[in-house]
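A quick write-up on the structure given underneath.
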Amino acid sequence: FTGRRSLGGVAAVAFALAPRSYEWLIIGGGLTRAPGMLFALLAIWQGFRLLRHPSAFRVAVTGFAGVATLLTHTEASLFCVVSLTVLLIAYGRNWRSLAAMVAAGVLALALASPFLWAVVSRHGLEVFTAAADSRTALFGNTMRSLFFGQITGATAFDLFLGVGFVGLLVE
């Protein structure tokens, strides 16, 4: 996002060394979580580029990556949508960028609609609400961790969280 490879490398190393950054990708269910995260990161990357330099190609790539995220792991799609919304707020400062991001979202929903229609028509919305309810404890623990500073699972001072907050303040 900064345009400097060195900062991208530092971010990649920080992500790799944070104790819980990839834990869910390699334990049970990683077969769907890992591609879901891959497609989510691809959608976020292309969404960022779309906001900077809107084009039909980037709309298509962002939309296709978004629907691939939804189809491989529905929970990763929530991460993707929240991340793209934050990027839209931070970088979507003109109508062209906003229109391009909305077009990518509409494309993703249009491509996902057969899947969503099939699931909802056969099983109802309960499939999605039951899955969301199973994560209540996890969501509560995440919120508690956020407010009390233990996000990455570090046993001592959470260095990466501290650096992240400093970066947030600088931005």
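The length gained by stretching the chain between Leu125 and Leu109 to full extension, at 0.36 nm per residue less their Cα-Cα distance, is 4.1 nm.
Solvent-accessible surface of the stretch 28-68, averaged per residue with a 1.4 angstrom probe and all protein chains in place: 48 square angstrom. Using a cut-off of 12 Å between beta-carbons, work out the net charge of the residues near Val59 (Lys and Arg +1, Asp and Glu -1, Val59 not included). Here the charged neighbours net out to +3.
The peptide list 60-67, 96-103, put in order of mean Cβ contacts within 10 Å with the highest first, becomes 60-67, 96-103.
The values are calculated or read from the model by the stated rules, or taken from the named source; none is laboratory data. Values in this document were obtained by computation on a predicted structure and should not be read as measured data. For neighbour counting, all protein chains shown are included, and Cβ atoms are generated from backbone atoms with ideal geometry for every residue, glycine included. Heavy atoms of the whole protein, side chains included, go into the accessibility calculation; ligands, DNA and RNA do not. Shrake-Rupley method; radii C 1.70, N 1.55, O 1.52, S 1.80 Å.
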